[in-house]
Amino acid sequence: MSTLDQASTGELEAAVKRARDQLNAHAYETVQWHFHPSTGCPFWLEKAESLSFDPLKEVREFDDLKKFDLFQDEWLRGGPVRRWVPKAYADKPVYVFETGGTTGVPKSRIAIEDFRVDYSLFSSTLPDEYFPPGSNWLMLGPSGPRRLRLAVEHLAQHRGGICFCIDLDPRWVIKLIKKGWMEHLEAYKQHCIDQAITILGAGHDIRCMFTTPKLLESLALELEKRGSSIRDAGITGIFSGGTEFTPQWTRFATEEFLDGVYMTPTYGNTLMGLACSKPVTPEDNYKITYYAPQPRAVLEIVDFDDPQSVVGYGKTGRVKLTTLTKEFFVPGFLERDEGEREQPYIKYPWDGVSGVRPFHQTAEATTVGVY
Amino acid sequence: MLNIPILRWGKPYESLEVDEVVHFITGEPIAKVGQANGGLLQRDMRKASQARAALKDIPCDELIERVKKAGELYLKETLPLGDGTQSPDEFVHMQSASTGLPEHMCKANMQKNFFVLSHMDQMLDALTRGLDLNILSRGYGVEGRGVVVSYQAQAPAVGLVLPSNSPGVHTLWLPVIPMQIGLVLKPGPQEPWTPYRMTAAFTEAGIPPESISIYPGGADVGAAVLASCQRSMIFGGTPTVERYRGNPAVQAHGPGFSKILLGDDVVDDWEQYIDLMADSIYLNSGRGCINCSSIWASRHTKEIAQALAERLGPVPALPPDDPNAGLAAFTVPGVAKAVWAQIEGGLKEDGVTDMTSQYGPRLEEKERCAYLRPVIIHSQSPEPALAKAEYMFPYASVVECPQDKMLESIGPTLVCSAITEDETFQAQLTDAVHIDRLNIGPIPTIKLDWLQPHEGNIVEFLFRARAYQLPQERLALAR
């Protein structure tokens with residue numbers, strides 16, 4: 001007998017095999033789609049001419065994707081953005097989402113339906129008890145050219161609610177930090193929090209929220225100053241994300257200000273979608289283990305010096321992402337994060353990653369947790 | 001290995017995140033230090049008024065006595081530390097092992113802290129200009145000459161973002177507790193030792209534990225200290241000082257750019273002062289903001305630089321437990337190399353000469369650390385970048401500059417030792433607002449009179465003088 005969280009070794013092994021078979025089939029189909037002249041996008045069709053192998057013939061399963069060189073994030077900077085649109089979707093309305101861009105040209109990724117699909121799938125992981133269907137949402141975080149706002153708004157709509165949005169521009173926040181304008185930074189944060197408190201107190205029956213750890217802390221503190229709390233404001237469920245979402249931070253939030261409000265960590269970005277966490281418990285020292293939304297995206301923990309080799313379970317390596325959707329194909333993209341490789345889990349029977357943090361070789365130059 | 005928790009108003013808090021402090025030579029772990037997050041600190045600061053309230057229950061005079069006792073305990077006794085204990089010798093060994101400072105210098109710094117604690121009554125008397133400390137407690141009172149005065153505490157607790165590399169700076173915050181103000185300490189990653197040992201000594205001596213918090217952690221914790229405490233001190237480089245310039249809530253301590261100026265009337269006798277100059281550059285491994293980083297004179301500069309190079313150039317890098325060790329190791333990887341690269345870059349400018357180059361390589365890289373041996377630069381004018389540089393090792397430039405151009409050329413100066421009998425020059429020095437501590441005469445820059453303010457008077461930083469009027473009959477009670 002098994003529950004969702006507990007399974008026999010045999011059950012887990014069978015689930016792992018099924019998931020791997022599904023991934024292999026999905027990888028094959030995705031490559032067929034992106035490299036076929038009738039459906040593929042100009043970027044990959046052009047790239048295929050310079051490859052030393054024929055993706056249509058020589059990629060039969062997921063591991064064959066190693067034949068591609070690592071995906072260069074520079075390819076995503078600058079246009080024409082249309083080169084990423086699969087021919088099969090040329091007539092569809094296309095969104096462009098950006099990441100980075102505090103200085104220089106941001107990386108951009110096209111999307112048609114992916115963000116909706118990713119968040120619809122994520123929705124099924126949210127417990128209705130804390131994210132009641134039909135209840136309204138507050139999205140307190142970066143919007144602008146990011147996909148997050150539209151994605152969270154879709155999540156709310158998918159669950160039958162309406163989403164209120166408060167914007168925060170992370171590019172401006174990073175500039176404020178770099179300039180040392182800490183008073184402006186504080187004022188800008190307060191400006192966002194004030195708006196959130198106004199909306200929460202305006203009778204909109206908001207129960208669910210997306211926000212970032214920093215903003216959640218500030219919101220809790222400000223509500224308490226005003227004699228209220230996250231719980232008193234009506235919130236019952238929160239999802240949040242970012243590398244500052246550590247076990248210690250989760251414990252801190254749980255013990256000090258959530259007061260029973262449910263919070264789930266997520267790890268995601270414009271290229272991947274949303275990786276969900278195994279349940280985070282005090283018994284497990286609030287350990288956070290993320291699982292990618294396979295087969296649409298795969299996270300591997302690879303050797304720092306040999307990114308084609310996966311490290312052993314429990315070992316540390318760099319996070320490597322492969323995205324496999326019909327809208328976007330990203331083979332072997334090295335994220336700016338590192339972490340430990342984790343065993344499959346019955347709900348997510350494929351490798352996970354814990355201890356996600358900025359990649360140590362670039363961490364000092366990276367400004368994280370700014371919003 | 002010791003496990004050292006966060007202290008939240010005296011209560012230990014075991015963090016799920018720890019930082020391992022390791023020996024800079026062997027790599028051996030010395031302690032695991034719990035790491036705070038900024039939000040934890042921010043929330044605790046809502047209770048800062050309780051720290052002051054606990055201290056106000058004890059009269060200042062009594063707090064001074066307890067602080068004196070704490071000085072004895074800090075210097076001589078084995079005290080609790082995390083899940084273990086620490087003797088004075090262990091403290092010295094641990095501090096040296098993580099900061100790179102030779103052990104005998106760590107001992108000397110203990111003596112400095114002890115001196116300040118054991119003379120706390122005199123220090124506060126000097127810093128408050130003889131004020132009855134009950135006036136600080138009550139907020140107002142009548143001075144001996146019959147004048148009503150009021151000093152209002154500007155914060156219930158003062159925040160300190162402390163450095164890793166200068167154990168000497170701790171003397172600055174020791175007078176805070178006797179003025180009934182709480183402490184919020186964010187130790188430097190390599191130097192958690194002094195804040196924890198001092199807190200243990202304070203607690204053993206009867207200072208209320210709830211008056212002190214210690215939050216080891218990263219940059220977000222430092223930012224939270226500055227954002228949450230109404231008064232705070234931070235130690236950093238020039239950009240840090242510039243960032244907080246003009247902010248009345250933050251006292252930023254940065255490089256000192258301390259200097260020795262030789263007046264035209266004494267410069268021909270420069271040899272008389274060579275010991276004073278060498279000591280000012282070299283003692284305490286040249287790490288302090290009060291160490292001399294440049295010597296200014298109108299003539300004989302090449303000879304002065306040559307003599308200093310002969311004296312300091314041969315100083316070797318010795319192990320930290322060697323009683324003759326005069327140099328501290330750079331324990332953060334890459335820092336010494338980067339500093340040396342900067343100096344090499346500066347030497348490409350015209351008019352600057354490395355007078356120590358003949359005494360062997362300056363950069364000595366070891367397996368887990370590196371040393372920079374003393375560097376003396378001669379500069380023909382104040383313009384080159386190296387003429388006004390300051391580094392965390394015995395480094396000084398000897399700058400040729402006419403006396404009448406010195407004050408407009410030296411830039412910000414924490415300690416200026418001006419050796420001159422020229423009264424006009426002395427008066428100009430006295431009026432120079434870019435000089436903080438002024439020594440007139442042959443006084444080493446590193447010789448501090450502890451009874452005088454350092455980079456601003458801490459009493460004025462923590463208390464605001466203001467008007468306070470009340471009926472005569474009430475006044476009588478305040479005498």
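No lab work stands behind these numbers, since they all come straight from the coordinates. Note that the structure is a prediction, hence the values are computed from the model and not measured. We place every Cβ from the backbone using ideal geometry, glycine too, and count neighbours over all the protein chains shown.
Coupling constants for the range B:64-81 follow from the phi torsions by the Karplus curve (6.51 cos²θ - 1.76 cosθ + 1.60, θ = phi - 60°), and in residue order they are 4, 4, 5, 5, 5, 5, 4, x, 4, 5, 4, 7, 10, 10, 7, 10, x, 8 Hz; glycine and proline get x.
Think of the range B:258-440 as a dipole: +1 on every Lys or Arg Cβ, -1 on every Asp or Glu Cβ, centred on the Cα centre; then among B:V335, B:A307, B:P384, B:V335 lies furthest on the positive end.
Each of A:L176, A:L200, B:L477 was scored by other Cβ atoms within 10 Å of its Cβ. Arranged with the fewest first, they read B:L477, A:L176, A:L200.
For the range A:247-371, the relative contact order is 18 percent, taking Cα pairs closer than 8 Å that sit 6 or more residues apart in sequence and dividing their mean separation by the residue count. Put simply, when A:311-318, A:162-169 are sorted by average Cβ atoms within 10 angstrom per residue, most first, you get A:162-169, A:311-318. Computed from Cα atoms, the angle from the helix B:193-204 axis to the main principal axis of chain B rounds to 30 degrees. For chain B, the share of DSSP beta bridges that are antiparallel, to the nearest 5, is 40%. Report the label-to-label distance for A:E74 and B:N134 in nanometres (one decimal), using points 7 Å from each Cα along the Cα→Cβ vector. According to this spin-label approximation, the distance is 7.6 nm. Of the trypsin sites (Lys or Arg not before Pro) found in the range B:191-293, those in coil by DSSP whose Cβ has at most 14 other Cβ atoms within 10 Å are B:R245.
Taking all Cα pairs closer than 8 Å and separated by 6 or more residues, the relative contact order of the range A:9-365 comes to 15 percent. Relative to the longest principal axis of the Cα atoms of chain A, helix A:170-179 runs at roughly 70 degrees.
The alpha-carbon atoms of the protein assembly as shown define a convex hull whose volume equals 195 cubic angstrom per residue. Note on B:S409 and A:E255: their simple-model spin labels are 5.9 nm apart, each label 7 Å out from Cα toward Cβ. For the range B:258-440, the extents of the C-alpha atoms along the principal axes are 53, 35, 28 Å, listed from largest to smallest. For the range A:148-283, the square roots of the Cα gyration tensor eigenvalues, ordered a ≥ b ≥ c, give a/c below 1.5, which places it in the rounded category.
For chain B, find the longest principal axis of its Cα atoms and tell me its angle to the long axis of helix B:301-312, 0 to 90°, nearest 10. Its long axis makes an angle of about 70 degrees. Of all beta bridges that DSSP places with both ends in the range A:9-365, some 65 percent have antiparallel geometry. Panel order for B:H253, A:H360, A:H36, by other beta carbons found within 10 Å of each beta carbon, from fewest to most: A:H360, A:H36, B:H253.
Taking square-rooted eigenvalues a ≥ b ≥ c of the alpha carbon gyration tensor, is chain B rounded, prolate or oblate, where a/c under 1.5 means rounded and, failing that, a/b exceeding b/c means prolate? Oblate shape, in that a/c is at least 1.5 and b/c is the bigger or equal ratio. Taking the Cα centre of chain A as origin and assigning +1 to Lys and Arg Cβ atoms and -1 to Asp and Glu Cβ atoms, the resulting dipole is close to 820 debye. Partner shielding of B:38-45 amounts to 5, given as the average count of beta-carbon atoms from other chains within 10 Å of each residue beta-carbon. Ordering B:S213, B:M277, B:V92 by the projection of their Cα atoms onto the charge dipole of chain B, which places +1 on the Cβ of Lys and Arg and -1 on the Cβ of Asp and Glu, puts B:S213 at the extreme positive end. Between the range B:328-389 and the range B:424-479, the alpha-carbon centres lie 36 Å apart. Helical runs assigned H by DSSP (4 residues or longer) give chain A a calculated mean residue ellipticity at 222 nm of -9000 deg cm²/dmol, each run adding -39500 (n - 2.57) before division by the residue total.
Exposure proxy shown here: for A:T246, A:T99, the number of other Cβ atoms within 10 Å sets the order, fewest to most, as A:T99, A:T246.
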